[in-house]
Structure formats: structure tokens, C-alpha cells
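The values are calculated or read from the model by the stated rules, or taken from the named source; none is laboratory data. Note that this is a predicted model, so its numbers are computed, not measured. Heads up, the Cβs are rebuilt from the backbone with ideal geometry, glycines too, and the neighbour counts pull from every protein chain shown. Surface areas here come from the heavy atoms of the whole protein model, side chains and all, with no ligands, DNA or RNA. Shrake-Rupley method; radii C 1.70, N 1.55, O 1.52, S 1.80 Å.
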Amino acid sequence: MVPASYYLILSVVLFVLGALGVLLRRNALVVFMSLEMMFNASNLAFITFARMYNALSAQVVVFFVMTVAAAEVAIGLALMVEIFRSKRSVDIDQMNTLKG
Amino acid sequence: MTLSDFLTLLPAIVLLAWGVIMLVVDLFLPTNRKGITPLLSGIGAAAGLGVNFALTGYSQTGFNGMVVLDGFASFTNTLLLISSLFAIMLSYDYMRRMNIERSECCALMLISTAGMMIMVQAYDLIVLFLALELFSIPLYVMSGLVRGKISSEEAALKYFLLGAFSSAFLLYGVAFLYGATMHTNLAGIVSAIQGGAVQTVFLMLGVALLLVGLAFKLAVVPFHSWAPDVYQGAPTPVTGWMSVSVKIAALAALLRVFVIAFPSVAAQISPVLGVLAALTMIVGNVLALVQTDIKRLLAYSSIASAGYLLMAFVPYGQGEVASDSIAAGLFYMIGYLFASFAAWAVVAAVEKEDGKGLQIADYAGLARRHPWLAVAMMIAMVSYIGVPPTLGFWGKFYLFRTALEGGLVWLALIGLLTSLFSAYYYLRVVVVMFMQPGETEARREVWVNLLAVVSAGATLLLAFIPWQLLDLASTAFLRFP
């Protein structure tokens, strides 16, 4: 059986990759995917801990998180479609109307 | 689930239900009668306020200890509900003028306020996360309410990406706290820490990630970069409301979670908080100095306010000081609420349909054409600086006193110096309004003018009864397990 710590390390790797993706990638859609990866890293951590402690409660949390992530997808994609209509691009570097 | 469980969350439930009903009612309203929705949502917020007052004094937990109703929650809920009422007043004419009169705005405002109230009442980190999302997601939509206007859409996308980023940090922090203590419930976390059976590495990591997540919402430097852009791009009433309510909710959650669950890690966390507070005060005030746009100026001013609030929170681990820092933080919030709405009401009144009228230079001569608005703005600015006789003075006074009580002389000194420094850019607005010649036109609209006068009046008049207000804030106790 694979030890729980492996899953935990995988979750940390996923989270860090996601965070780097958010900070480094320029396409809003890719940034958004990286965000989803961060949420899923948290899910993995929750499930790993749930298995470590033989507790059910943390597994339920994952369903909450998935629901929230779905709601965020709905809003995020709508916002991106909206901005694509006016700018013909979802490149973050081009979002420079607001500065000062 | 019993009736008393629902009683615990009743103010939030009233607002949520009202918000959903409003969305349905909207379907049956003809397009030219959309103006009625702000009035309806105002009634909803007032009903929530009434329920909240009726429940003040209760102290109970609900839903298996997931949420709690205590003096702290009642007090903060009152502030949040007043803030949403003010925001509805602010948006009534503005939305029509900007041609974005769509009723989802007010409905979303109610739903988001309900999320903030649940966040304040959360006694479980999962509820905290869900409440955070419940109030954030409507906020993303409201920032982008002006469809087709690039600055508003851009603000919404930036807020969305960075907001979701911060939620991910918070959630990962909760996961590690669960890993450290086997609990997400605050009471469970406390008993696990006291029992000594915790993984210290996980605990510290969890606390740090949680702090990052909340610091984003509070716009603490270095997690503030979204705030000026979002505040500038979002519609003015939404910005004004957001700058007050989100700050109240995030601060209240920070206070509750850290004071209840993590006094044991105060030795490690307090220095970090101290550095964050110092950075926030310095960066917020220095960057405010170079702004020419009034909305960005107020954005940086709100960042600086977060720094002052955080300053008083640094010694939260020192038993006796903790209750003082809660009282001082809540007290400052009262002053911040009234001063902010006075300022934002003036901004909304001066802003033109085409998005002009937001530069500080556009305020030249406001005092001659609209003396009431100019005086309201002046009172707000003076209160932000912290000059008596305004609520802002007493707010800063108690914050500094708490910091000194906690032995943080260096931090209080930085706060004092940056406050002096801030006088320059706040007074520049006053000078432009009163001394420079110009023909600034503002809207003569009942609700906005009323809001400016009422908020400024409250900032001024309540400053004469600071002891009573502080007593109120001090009795806003936290319910300990």
C-alpha cells in the first residue's frame, strides 16, 4: 500500500505548480486551470488526511469544495467570455486599462 | 436540526431568502420599473437589521457547533447591515444614471452580505471557507456589472483570479489545520492544541496559509495589488460598499479565528503580523500620495486603514490585550464605515455619466457649488487622518493605545508617523475643493446627498460619545467553547 505521505507530497507539488502557474502564465484560461489545480491539491490533502485519521468528515469537505469550484468556473468563464468580446483576447498582460 | 439552529443564522437567512425572492420578483417587473428593486432590497436589509437587533444578546451555537451567535457576531452583523443599507442608498440613482439599472445588483448585494454575516458567525473553518466564497462570488459579478466597459470587466477578472487564488490558499491552510489537529471546528482545534497531540509543522503551515488567504481579502501589503485596480474599475457604489464590508468581514473572521483557536502560536505569528502591519501602513500611505484618481486614492487609504487595524491585532496572544484589540478594531470599524460612506457618496455624486469627474482636480470649486458635499468630504478626510473631533481620531487613539499596551512602541511610532504623512494627501483633496476655483457640478439627488450628510454627521456627532461606543464594542464578547 502506498504510504499516505506520498499523497501529501503529491498534493504539495500540485499546489506549488498551480501557484506558479497563476503567477507565471499569461493566458487567463491557463491561470484559471492552475487555480483549479490548487483547489484539487487541497482536495487531495483533505482526502489523504481523512485516510490517515480514518475520519469521514474530511471526505465530505471535498464535495463542498467541488461545488464551490463549479460555481467559480461558471462565474470565471462568463467573465472571460465577456472580456473576450470587448478585447478579443484573454491575455493578462493586455489588461492594463487600470493602473496608476 | 432544530429551530434554535436556524435562530442562530436568522439574520443571514432573512437576507438570503430576500435576495433570492428579489431575483424572482425581477422577472415580473417591466424594464422601466426596475427602480423599485433598490427600495425592495432596502426593505430586506432593514428587516435583517431588525432581526439582528432582536437577537442581540443571544449567545448560542447552532448546527453542531458550526456557527455561533454571540455579541461579537451581533455587533459586526449590525455594521454589515448598515453598510449594505447605505450601499443601496448609494446605488439607487447611480445605477440609473450609468444605465446599469439591473436588479441583480441589489439582490447580489443582499446575498453577499449574508455570506459576510455567516463568515463572521463561522465557528468551523469549512463554514468560514464556504461563507468566504458566498460573499466573494457575487462580488466578482458586481465588479463587472458595467458590461461593455473595459475597465469594469478588467476589474472583475482581476478580482476573480486573485480572489480565487487567495481562497485556494485559505482552503489549503484549512486542509493542513485539519491534518494537524483532526478538526476543522474551532472548539476541536482548541482542544487538540491543548491536548498537545498536534503536528507542529502542519499547524504552522496551516496558520500561515490561512493568514495569507484572509490578508488577501483584507488587502494587506504585500497581498494588496488587486485592491486599487478593482476599486477603480468597479461601479462606485459597489466599490464603496466593498471597501467597507469586505474589510469588516475579513477582519472579524481573522479576529475570531486567531483569538479563539491560535493564541498558542502567537509567539511565532505576532512578529509576522507586526511586519505586515508596518508594511501596510507605510506602502498604503506612500502610494496614496502619488494618486490623481480619487477612487485609487481612497483604495490606498483603505489599504492603510487595514494596516492600522492589523497593528492593534498584533498583540492578540497577550490575554488581557486581546479583548482590547477586539474592542479597538470594532470601534475603528464604526468610524471607518461612516467616514467611507461619506466620502464615497460624494464621489458618486460628482462622477459623470461618461466616467469623467474622478480626478482629484475635478473637485475644484466643489465647496462653492455644493457646500454640503464639500463639507461631508472634508469631514471624511479629517476622520481618515485621525484629527479630533471625529470618530477617526478616537478609532486611531484606541488602536494606538492597544498597540502600546502590547508593548509595540515601534509599531505605534510607525503608525503615528504615517498618519502625519497621510494628512498631506487627504488635505490636498480638501484644498482642491475649497481653495481652487472651478465649476464642479454634482448630482442633486436625494439619496446620495442624504447619505453624505448622514454619514458625515454621524462621523462628527458620534465622536462626542466615544466611551459609550467603546463600551458597546467591548461588550461585543466572543463566545468561547
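I need the full set of residues from the stretch A:56-100 which are within 30 Å of B:Thr184 (Cα to Cα) and not in a helix (DSSP H, G or I), in order please. Of everything in the stretch A:56-100, just one residue is within 30 Å of B:Thr184 (Cα to Cα) and not in a helix (DSSP H, G or I), namely A:Leu56. Applying the criterion of being under 14 Å from B:Met378 (Cα atoms) and touching a residue at least 24 places away in the same chain (Cβ under 8 Å) to the residues of the stretch B:432-456, the residue that is nearest to the chain's Cα centre (by Cα) is B:Ser455.
Take B:Gly35 and decide whether it is among the small types (Gly, Ala, Ser) and buried (at least 18 other Cβ atoms within 10 Å of the Cβ). Answer is no for this residue.
Take the conditions (1) in contact with a Phe, Trp or Tyr (Cβ under 6 Å, 6 or more places away or on another chain); (2) of a type outside the set (Ser, Thr, Tyr); (3) touching a residue at least 60 places away in the same chain (Cβ under 8 Å); (4) more than 30 Å from A:Arg51 (Cβ to Cβ); B:Phe223 misses just one of them, which is (3). Taken over the stretch A:31-76, the criterion of being farther than 27 Å from B:Asn64 by Cβ, more than 8 Å from chain B (Cβ to nearest Cβ) and open to solvent by less than 20 Å² (accessible area, probe 1.4 Å) is satisfied by A:Ser34 alone. Here B:Ala107 qualifies as part of a helix (DSSP H, G or I), in contact with a Leu (Cβ under 6 Å, 6 or more places away or on another chain), surrounded by 23 or more Cβ atoms within 10 Å (Cβ to Cβ) and more than 10 Å from chain A (Cβ to nearest Cβ). The number of residues in the stretch B:51-93 that are more than 21 Å from the chain's Cα centre (by Cα) and open to solvent by less than 40 Å² (accessible area, probe 1.4 Å) comes to 6. Close contacts from the stretch A:17-30, counting a first residue that is more than 11 Å from chain B (Cβ to nearest Cβ) and a second that is loosely packed, with under 13 Cβ neighbours inside 10 Å and in a helix (DSSP H, G or I), with Cβ to Cβ under 7 Å and a gap of 6+ residues or different chains, come to A:Arg26/A:Asp93.
Condition test on B:Ile88, is it at pLDDT 95 or above, in contact with a helix residue (DSSP H, G or I) (Cβ under 6 Å, 6 or more places away or on another chain) and of a type outside the set (S, T, N, Q)? Spelling it out, it is not the case that B:Ile88 is at pLDDT 95 or above, in contact with a helix residue (DSSP H, G or I) (Cβ under 6 Å, 6 or more places away or on another chain) and of a type outside the set (S, T, N, Q). B:Lys158 meets the conditions (1) open to solvent by less than 10 Å² (accessible area, probe 1.4 Å); (2) at the interface with another protein chain (Cβ under 9 Å from one of its Cβ atoms) in every case but one. The failed one is (1). Within the stretch A:82-94, restricting attention to residues that are more than 10 Å from chain B (Cβ to nearest Cβ) and open to solvent by 70 Å² or more (accessible area, probe 1.4 Å), the residue that is modelled with the highest pLDDT is A:Arg88. Would it be correct to say that B:Leu128 is of a type outside the set (Gly, Ala, Ser), more than 17 Å from B:Val244 (Cβ to Cβ) and modelled with pLDDT of 95 or more? Yes; evaluated as a whole, the condition is true for this residue.
Put simply, of A:Met52, A:Met38 the only residue that is within 29 Å of B:Gly284 (Cβ to Cβ) and either without any contact (Cβ under 8 Å) to a residue 40 or more places away in the chain or assigned to a helix (DSSP H, G or I) (or both) is A:Met38.
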